[in-house]
Structures are given as C-alpha cells and as structure tokens.
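The values are calculated or read from the model by the stated rules, or taken from the named source; none is laboratory data. What you see is a predicted model, and the numbers here were worked out from it, not measured in a lab. Don't worry about glycine lacking a Cβ; one is built from the backbone with ideal geometry, like all the others, and counts go over all protein chains shown. Just so you know, the surface numbers come from the protein's heavy atoms only, side chains and all, with ligands and any DNA or RNA stripped out. Shrake-Rupley method; radii C 1.70, N 1.55, O 1.52, S 1.80 Å.
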Amino acid sequence: MNIPITKPYFNEDEEKAVIEVLNGMKLEIIERTYREKAEKTEFLRKELLEKTFRVVEELSGIVSFEEAYIFGSLTKPYRFGEFSDIDIALKGFDKDKLTLATSFLSRNLERDVNVVPLEEIHFAERIIMGGGIKWKRG
C-alpha cells in the first residue's frame with residue numbers, strides 16, 4: 001500500500017511562528033488560571049479573617065484574655081494558601097486553657113489554629129507594632 005506524501009501545510013518559518021503563537025497562548029492561559037486562583041484564594045482569606053474575628057469574640061465568652069492578635073499569613077494579602085493555618089496570640093491568657101482555646105478555634109474555623117501566649121513569644125513586639133491585627137472586643 002502506498003501512502004501518498006503530502007506537502008506540509010506550513011513551511012518551516014510559518015511552523016515556527018505558529019508554535020510561538022501557541023506557546024504564547026498556553027502561557028496566557030496558565031497566567032490567567034494562576035491569577036484567577038490567586039483572586040479566589042484572596043477572597044477566601046478575607047472571609048476567613050472576618051470569621052476569625054467573630055470566633056475570637058465567641059472564645060472571649062469562654063476563655064478569659066485581655067487582647068488577641070491574629071498574625072501570620074492570614075493577615076498578609078496573597079500569602080495565605082489552601083492549607084495555611086491560622087496564628088493567634090493571646091495576651092493575659094491562662095495557659096491551662098490552651099487546649100480548650102485551640103480546639104474551640106480549630107473546630108469553629110475548620111482549620112488548624114496555633115494559639116500562643118503573647119507574653120511567651122520572642123517576636124511579640126513585632127506583632128503588637130503592626131505584624132498582627134488586633135482583635136477588639138465587640
């Protein structure tokens with residue numbers, strides 16, 4: 001059986017140009033996909049930050065503390081990811097209630113939460129001076 005040999009649809013230069021265009025389109029699609037994912041994740045971060053403030057308010061009715069600071073990736077635009085945890089520092093907090101506070105926050109926020117006594121972390125001053133967002137009693 002003879003298979004007919006056909007002339008290529010594009011010459012070599014045209015083929016290279018088509019490949020460049022297709023590669024550019026792929027790159028555009030990839031960039032758009034990443035942008036859309038980043039925007040969606042950022043929207044979810046903002047929602048979760050608001051929810052965190054509400055849940056910390058609820059926690060204040062169960063566990064006594066003077067102040068709370070949310071810090072870490074949840075407070076930084078476009079840094080929070082799908083599997084990120086939530087970092088919360090509590091001031092004037094009874095450490096014996098650490099497990100209760102952590103489990104309450106994790107359960108209600110449906111995410112891993114790290115609760116730390118503010119007085120015991122070496123970068124507390126950084127959190128207070130702007131590295132964290134202070135919760136204000138409602």
Fill in: Partner lysines for Lys134 [C-alpha distance under 19 Å; skip if fewer than 8 residues away on the same chain]
Lys46, Lys51, Lys76, Lys91
Worksheet entry | Two-decimal Rg to Rh for the chain - Kirkwood Rh, Cα set | 1.40
Worksheet item: Using a 1.4 angstrom probe and counting only protein chains, how large is the accessible area of Leu109 in Å², to 10?
Response: 10 Å²
Worksheet item: What size of dipole, in debye to the nearest 20, comes out for the chain about its Cα centre when the only charges are +1 on Lys and Arg C-beta atoms and -1 on Asp and Glu C-beta atoms?
Response: 360 debye
Worksheet item: Per residue of the chain, what 222 nm ellipticity follows from adding -39500 (n - 2.57) for every DSSP H run with n ≥ 4, rounded to the nearest 500?
Response: -16000 deg cm²/dmol
Worksheet item: For the Cα atoms of the chain, what angle does the longest principal axis make with the long axis of helix 98-109, in degrees from 0 to 90, nearest 10?
Response: 40 degrees
Worksheet item: Which percent, nearest 5, of DSSP beta bridges in the chain are antiparallel?
Response: 65 percent
Worksheet item: At what distance in angstrom do the alpha carbon centres of the range 21-100 and the range 101-136 lie from each other?
Response: 12 Å
Practice prompt. Could you provide, to the nearest whole Å², the per residue accessible area of the chain with probe 1.4 Å?
Written response: 73 Å²
Worksheet item: Between Tyr78 and Lys26, what FRET efficiency comes out of the Förster formula 1/(1 + (r/R0)^6) with R0 = 30 Å and r the beta carbon distance, rounded to 0.05?
Response: 0.80
Worksheet, complete the sentence: Per the charge dipole of the chain (beta-carbon charges, Lys/Arg positive, Asp/Glu negative, Cα centre), the residue among Leu90, Tyr78, Phe123 reaching farthest to the positive end is Leu90
Practice prompt. For the chain, set up a Gaussian network in which alpha carbons nearer than 10 Å are linked by springs, and say which option among Lys51, Lys97, Lys16 fluctuates the most.
Written response: Lys16
Practice prompt. Could you look at the chain and say what percent of its accessible area is carbon and sulfur, using a 1.4 Å probe and all protein chains?
Written response: 55 percent
Worksheet item: Using alpha carbons only, how many degrees (0 to 90, rounded to 10) separate the axis of helix 12-60 from the longest principal axis of the chain?
Response: 10 degrees
Discussion item. Once R0 is set to 30 Å, what does the formula 1/(1 + (r/R0)^6) return for the Cβ-Cβ distance between Ile62 and Glu36, expressed as a FRET efficiency to the nearest 0.05?
Written reply: 0.20
Discussion item. So if each residue of separation counts as 0.36 nm, and I subtract the Cα-Cα distance between Glu50 and Asp94, what length gain in nm does that give?
Written reply: 13.4 nm
